[in-house]
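> Sending over a structure as structure tokens; questions will come in a sec.
Values in this text are rule-based calculations from the coordinates and carry no lab data. Every value quoted in this text rests on a predicted model; they were computed, and no experiment measured them. For neighbour counting, all protein chains shown are included, and Cβ atoms are generated from backbone atoms with ideal geometry for every residue, glycine included.
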Amino acid sequence: MLILPRRIHLFIVHHLNNSRSQRVLWLLEELGFDYSIRFYKRNEDMSAPAELKVVHPLGKSPIVEDLDSSAGSVVLVETGAIVEYLVATADGKLGVPATPRDVVSYRQYLHYAEGSLMPILFASLLASKIPLFGRFALKRIRPMLDAHLSFVEQELGSREWFAGSDFTAADVMMSFPLEAAAARGLLGSHYPAIADWLVRIHARPAYHRALANGGPYAFGPSPSSKETNL
Ligand SMILES: N[C@@H](CCC(=O)N[C@@H](CS)C(=O)NCC(=O)O)C(=O)O
């Protein structure tokens, strides 16, 4: 019988400091993939440096290159899509759960993190930086953000992880918005289930390996700055 060698994937993560790409490093560690990192430092105004635009026209992070994919070499953007790609490459590890009900939650949180929670967090960050109009805008934005955080709190109060009793890639997706909310002092003591979930993700060995590889991360277990951009 002819045994074909498994495809070897050569992942390069284009990693911007204090950014969503920390999630990708973490997932690669959880999945046990080898990868290399190209480091980029935010400009003074927190934007990404121009070099990222050489890799992809959007110039945002994360960007992942897979130099040996079955589709030929690919450049991937958008964290959710990257996460799905990596999970599929790992034969579904940490991906779609077995129970139909958990499948629904898994899919929901894979999209909710960037589709709903990040935009409202970003809006609140922007509004907090605009002197006068920002205060009025925040009056509208803050209740919307609180509604999201209350919803997430209720969800995490009913089960251990976002997609049921097992840790999945949906938890990885949800890490950045909830870490950013915690680092900005938006959680206070109102969201104990979220706080507990943060402690549990921060205790994972793969999370620590990703931190060691990715360099300082202002939103991690000991948030170092409330002034960092999203
Ligand atoms: N929805 C995109 C957002 C990408 C994004 O905005 N990344 C931020 C880092 S957290 C960035 O590159 N900011 C720098 C800039 O916009 O110049 C994703 O999840 O990949």
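> Using the alpha-carbon atoms, what tilt in degrees (0 to 90, nearest 10) does helix 205-214 show relative to the longest principal axis of the chain?
Orientation of helix 205-214: about 90 degrees from the principal axis.
> Next question. Tell me, in nm to one decimal, what length is gained between Arg209 and Phe136 on full extension, where the rule is 0.36 nm per residue of separation less the Cα-Cα distance?
So the chain would gain 22.1 nm between Arg209 and Phe136.
> What is the calculated FRET efficiency for Asn229 to Leu10, with r their C-beta to C-beta distance and R₀ = 41 Å, to the nearest 0.05?
Numbers: r = 31 Å, r/R0 = 0.74.
Efficiency for this residue pair is about 0.85.
> According to a simple spin-label model (label point 7 Å from Cα along Cα-to-Cβ), what is the distance in nm between Phe33 and Leu126?
3.1
> Right, another one. What lysines could a cross-link reach from Lys129, if we take a straight Cα to Cα line under 19 Å and drop same-chain neighbours fewer than 8 places away?
Lys139, Lys226
> Sticking with this structure for a sec: How large is ³J(HN,Hα) for each residue in segment 154-163, as worked out from phi by the Karplus curve 6.51 cos²θ - 1.76 cosθ + 1.60 (θ = phi - 60°), to whole Hz, x for Gly and Pro?
Here the 3J(HN,Hα) series is 5, 4, 6, x, 9, 7, 6, 10, 4, 10 Hz.
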